[in-house]
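Undergrad: Before I ask anything, here is the structure I am working with.
Any read-out appearing in this document is the output of simple, stated calculations on the displayed coordinates, not a laboratory observation. What you are looking at is a predicted structure, and each value in this text was computed from that prediction instead of being measured. Every residue, glycine among them, receives a Cβ derived from its backbone with ideal geometry; neighbour counts consider all protein chains shown.
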């Protein structure tokens, strides 16, 4: 029998925010896949290791997931990663693939999932606390109330018209174009706050648009709400 590939969210950074199910799956399975060239250097691994120290004794499988714009090269690497996982699945071994936040929100595992399922393998996703929910909680900020809509957008890809709809916004993937994103937000009447490295030791909280540095780190998330 073939194994099952689990895409397991480990949450935003604080090991205490990992789910009991994520912890159980790591403990019950021997093959742990991690995005990156060196498994133990990956943030997702370090989060999991703090909650499940015995993970260090598991078979760790690094899966290179490059952050580049060359679609052909990306697809090539995704195919390589999927083939690596399929080798273990064919042996009847389950594979637990660790990912930051939740595996259903802008997650690199999605690309592997599509390939695995196309090749006839079983994939199951295990939800984790998403970065934007964790950031909102850190800010003590309700994301939505009553009939307010919520828009979750990858800001780096939506700089042409990011605030066309009424409602509140979560801006993900903002860091590489933070100055441009801030310039756009200044033209709105939205109330802006942000969290960098949410729930990690290096966490920083920004209570206004002007507090957010242009060089904010990769794990920076902006929440922009309509003012009442």
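Undergrad: What's the number of the only condition in (1) without any contact (Cβ under 8 Å) to a residue 40 or more places away in the chain; (2) more than 22 Å from residue 22 (Cβ to Cβ) that residue 61 fails to meet?
TA: Failed condition: (2).
Undergrad: Taking into account only those residues within the stretch 116-154 that are assigned to a helix (DSSP H, G or I) and touching a residue at least 40 places away in the same chain (Cβ under 8 Å), which is nearest to residue 10 (Cα to Cα)?
TA: Just the residues of the stretch 116-154 that are assigned to a helix (DSSP H, G or I), to begin with: 116-118, 131-138.
From the residues that got through so far, the ones that are touching a residue at least 40 places away in the same chain (Cβ under 8 Å) too are 116, 131-132, 134-136, 138.
On the way: 116: 21, 131: 10, 132: 14, 134: 12, 135: 15, 136: 18, 138: 17 Å.
Among those that are assigned to a helix (DSSP H, G or I) and touching a residue at least 40 places away in the same chain (Cβ under 8 Å), it is 131.
Undergrad: In a helix (DSSP H, G or I) and closer than 23 Å to residue 124 by Cα: which single residue out of 77, 72 fits that description?
TA: Result of the check over 77, 72: 77.
Undergrad: Mind listing just one residue for me: the one in the stretch 81-103 that is under 21 Å from the mean Cα position of the chain (by Cα) and either part of a helix (DSSP H, G or I) or free of Cβ contacts under 8 Å to residues at least 40 places away in the same chain (or both) and, of those, nearest to residue 33 (Cα to Cα)? Give the steps one after another, and end with the answer.
TA: If we filter the stretch 81-103 for residues that are under 21 Å from the mean Cα position of the chain (by Cα), which is where we start, we get 81-82, 85, 95-103.
With the extra rule that they be either part of a helix (DSSP H, G or I) or free of Cβ contacts under 8 Å to residues at least 40 places away in the same chain (or both), the set shrinks to 81-82, 85.
On the way: 81: 10, 82: 11, 85: 8 Å.
Among them, the one singled out is 85.
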